[in-house]
Amino acid sequence: MDEILRATPESIDELITLMTEDTYRSVKTAVELSKWEDGTCLTKEQIEHCLQILILYEARYFPEDRQIGNTLPSCPSNRN
């Protein structure tokens with residue numbers, strides 16, 4: 001995680017490329033607990049940004065069946 005905090009990526013794509021699996025897990029845990037490892041609470045904006053990063057990371061490195069979007073319940077279709 002330290003390498004990400006010291007980095008100054010020029011794009012979200014570069015940020016995702018710099019992320020390690022350990023960084024991914026740390027961000028995911030922070031979102032799940034709504035706090036960083038040091039106990040500092042995440043703001044609503046941080047949670048939103050972290051979720052976006054997780055989705056992009058998973059889209060690049062995970063098979064489709066392991067991505068966040070596939071674990072969320074889907075909306076029922078309209079039935080006429």
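For region 2-69, what value does the Rg/Rh ratio take when both radii are computed over Cα atoms and Rh is the Kirkwood radius, given to two decimals?
Radius of gyration over Kirkwood radius for region 2-69 works out to 0.95.
Determine ³J(HN,Hα), in whole Hz, for all residues of region 51-57 in sequence, where each value follows from phi through the Karplus function 6.51 cos²θ - 1.76 cosθ + 1.60 and θ = phi - 60°; x replaces Gly and Pro.
Those phi angles translate into 4, 4, 4, 4, 4, 5, 4 Hz.
Could you pull out every residue, at least 5 positions away or on a different chain, whose amide H is within less than 5 Å of the one on K35? Hs are placed 1.01 Å off N in the peptide plane, and Pro or chain starts have none.
Correct list: L42.
Relative contact order of region 2-69, please, whole-number percent, based on alpha carbon pairs below 8 angstrom and at least 6 residues apart.
24
May I ask which residue of C41, M19, I53 lies farthest towards the positive end of the charge dipole of region 1-54, with charges of +1 (Lys, Arg) and -1 (Asp, Glu) on Cβ and the Cα centre as origin?
Comparing the listed Cα positions along the dipole, C41 ranks first.
Readers should treat all values here as calculations from the given coordinates under stated rules, not as data from a laboratory. It should be emphasised that the depicted structure is a prediction, and the values quoted were computed from it without experimental measurement. Because the Cβ atoms are built from the backbone with ideal geometry, glycine has one as well, and the counts that use them run over all protein chains shown.
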